[in-house]
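These notes are about the structure you will find just below.
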Amino acid sequence: AKAVRAASNAEPRIVLAASFASVLIEPLGGLPFFVHMWGDSESGKTVALMLATSVWANPAVGQSFFQTFRGTTVGFEMMAGFLHSLPLFLDDLQLAKDKHGNVIFNVYDLASGSGKLRSNKALGLNYTPTWANCFITSGETPIVGENDGAGAVNRVIEIECLASEKAIRDGHRTANVLKQNYGW
């Protein structure tokens, strides 16, 4: 982590800071927020997310903290509620697009900090998860657009990543080191 912070652009430092900041949101009375890295393939976005994940857990994609956008709204709510104050990492926004290429992921739903109120078959209420964490995400496109409301836009820090200015310079080596050394 020290080597990446010293040798890289600002992107890895920003996602690493957001990872640590996640546990401070609730004690400071803040609201959940997103840090979204987007841009060219091979720019180091996924490895930067792995770096931020490695603070807490195994940074391999598909492990408990590091998921893809391939999921449902309820699944994301339950995961955010389970992690509560710990960051949730989501990679590959393009997995959340419909057949027309439109993003079908609602930032505002997760940035609200509370799941949807749901009834059960017995006409009672199901558990409604709550959370106060940071969502650190990546994709090839921005996560919010001009049709999203100010509430969603105001809770997202977007970072454009270019292949010509890699976020992580030696991605394969860094990813391997992170998978072997995490949670320190």
Looking across the range 126-184 at residues that are among the aromatic types (Phe, Trp, Tyr) and open to solvent by 20 Å² or more (accessible area, probe 1.4 Å), the single one that is modelled with the lowest pLDDT is TRP184
I'd like to verify a number: residues in the range 112-152 that are acidic (Asp, Glu) and over 15 Å from the mean Cα position of the chain (by Cα), how many? 2
Kindly establish whether LYS116 is free of Cβ contacts under 8 Å to residues at least 60 places away in the same chain and either of a type in the set (D, E, K, R) or open to solvent by 50 Å² or more (accessible area, probe 1.4 Å) (or both). yes
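When the range 29-57 is examined, which residues are found to be over 12 Å from the mean Cα position of the chain (by Cα) and over 14 Å from LEU83 (Cβ atoms)?
Here is the first cut: in the range 29-57, the residues over 12 Å from the mean Cα position of the chain (by Cα) are 29-31, 39-44, 47, 51, 54-57.
Of everything in the range 29-57, those that are over 12 Å from the mean Cα position of the chain (by Cα) and over 14 Å from LEU83 (Cβ atoms) turn out to be GLY29, GLY30, LEU31, GLY39, ASP40, SER41, GLU42, SER43, GLY44, VAL47, LEU51, SER54.
Give me a count of the residues in the range 1-46 that are open to solvent by 80 Å² or more (accessible area, probe 1.4 Å), on the phi < 0 side of the Ramachandran plot and either part of a helix (DSSP H, G or I) or not hydrophobic (A, V, I, L, M, F, W, C) (or both). It would help to see each step written out before you state the result.
Pass one, the range 1-46, residues open to solvent by 80 Å² or more (accessible area, probe 1.4 Å): 2, 5-6, 13, 20, 24, 26-28, 31, 42.
Imposing the further condition that a residue be on the phi < 0 side of the Ramachandran plot reduces the set to 2, 5-6, 13, 20, 24, 26-28, 31.
Of the ones still in play, those that are also either part of a helix (DSSP H, G or I) or not hydrophobic (A, V, I, L, M, F, W, C) (or both) are 2, 5-6, 13, 20, 24, 26-27.
Qualifying residue count, the range 1-46: 8.
Which ones in the range 47-74 are part of a helix (DSSP H, G or I) and open to solvent by 40 Å² or more (accessible area, probe 1.4 Å)?
Correct list: THR73, VAL74.
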Residue pairs within 9 Å by beta carbon, gap of at least six or interchain, first lying in the range 26-55 and touching a residue at least 40 places away in the same chain (Cβ under 8 Å) and closer than 18 Å to ALA132 by Cβ, second assigned to a loop (DSSP other than H, G, I, E, B) and basic (Lys, Arg), listed first then second, are LEU31/ARG155; PRO32/ARG155; PHE33/ARG155; PHE34/ARG155
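At least 1 residues that are hydrophobic (A, V, I, L, M, F, W, C) and in contact with a Lys or Arg (Cβ under 8 Å, 6 or more places away or on another chain) in each: list the helices (runs of 4 or more DSSP H) lying fully within the range 79-184 that qualify. Full working, then the answer.
On the way: elements: 107-111, 150-153, 171-180.
In the range 79-184, the matching helices (runs of 4 or more DSSP H) lie at 107-111.
Restricting to the range 108-152, name every residue that is of a type in the set (Lys, Arg) and under 26 Å from ASP92 (Cβ atoms). Outline the logic, then answer.
Taking the range 108-152 first, the residues of a type in the set (Lys, Arg) are 116, 118, 121.
The answer is LYS116, and nothing else.
The values are calculated or read from the model by the stated rules, or taken from the named source; none is laboratory data. In this text the structure is predicted, and so the values were computed from the model without any measurement. Cβ: placed from backbone, ideal geometry, glycine included. Neighbour counts: every protein chain shown. These area figures cover heavy atoms from the full protein model, side chains too; ligands, DNA and RNA do not enter into them. Shrake-Rupley method; radii C 1.70, N 1.55, O 1.52, S 1.80 Å.
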